[in-house]
Amino acid sequence: MDWQAVIGISEVLGAVGVIVSLVYVGKQLHMSNLAAEVASTDQITNRFLQWMLDVARDDTVARYFRDGVAALQKSSPSEVMRLFGSIQVLLKIIEEMHQLRIKGFINDDVWSGWENWFSNMKSYDIVEHFFVAKQNNYSLAFRKYWKNLPARIDGSLGEIVQKAAAASD
């Protein structure tokens, strides 16, 4: 065998090695992105669920969600601050989720469920009142998203309780 053939075979083997390496790196990158998506979704989900638990345990904040903006006039400054702090946390969590969505870390299936929750949260007049008053606290992309998000409730708490009571009869 002459040196030209050896060089040619070496180049082919080198090219195959590069291709195999690129395929391997591509698979590793895909797995890394998938792990980042799962970790991001898990972390932000836990933050949102913790916020919901905190609201459920705080009678004052829960009352504002139930009674709305009208309840603000009967409130102490510390109650209003607690409520606005809670809503600020909620909207920042949603904004962060929106950013993760834009960056591709939350898939369509997971996002559709979250978006339903966001629409429910937007339907509370106290949340929308706060957003309008403090909208400059949020990114332009999130402000556009929130303004175009429809406000809807899948069922009021009273309706859910009534359905549960009827089902147990």
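Each value in this text was obtained by applying a stated rule to the coordinates, not by laboratory testing. Quick caveat: nothing in here was measured; it's all calculated off a predicted structure. Note that each Cβ is placed from the backbone with ideal geometry, even for glycine, and that neighbours are counted across all protein chains shown.
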*Starting from the Kirkwood radius over alpha-carbon pairs of the range 76-155, derive D by Stokes-Einstein at 10 °C in a medium of 1.306 mPa s and give it in µm² s⁻¹.*
120
*Quickly work out the Val80-to-Asn137 label distance, labels modelled 7 Å from Cα along the C-beta direction, and quote it in nm with one decimal.*
1.4
*So what are the range 26-73's ellipsoid semi-axes, whole angstrom, largest first, if each one is the square root of 5 times an eigenvalue of the alpha-carbon gyration tensor?*
40, 10, 5
*How high is the FRET efficiency between His30 and Glu96 when r is their beta carbon distance and R₀ equals 22 Å, given to the nearest 0.05?*
0.35
_Test of understanding: express the Cα radius of gyration of the range 15-151 as a ratio to 2.2 N^0.38 Å, with N the residue count._
1.37
*By how many nm would the segment from Val38 to Asp67 grow when fully extended, if each residue of separation counts as 0.36 nm and the alpha-carbon distance is taken off?*
6.8 nm
_Given contacts defined as C-alpha pairs under 8 Å and at least six residues apart, what's the relative contact order of the chain, whole-number percent?_
22
*Quick one: among Asp109, Asp58, Asp42, which has the greatest mean-square fluctuation in a GNM of the chain with alpha-carbon springs under 10 angstrom?*
Asp109
*Quick one: angle between helix 108-122 and the longest Cα principal axis of the chain, in degrees between 0 and 90, rounded to 10, please.*
20
*From the Cα gyration tensor of the range 23-102, with a ≥ b ≥ c the square roots of its eigenvalues, which class applies: rounded if a/c is under 1.5, or else prolate if a/b is larger than b/c, or else oblate?*
prolate
*Taking the Cα atoms only, what angle lies between the long axis of helix 157-168 and the longest principal axis of the chain, rounded to 10 degrees?*
90
*Could you compute the FRET efficiency for Asn148 and Leu49, with r as their C-beta to C-beta distance and R0 at 35 Å, rounded to 0.05?*
0.85
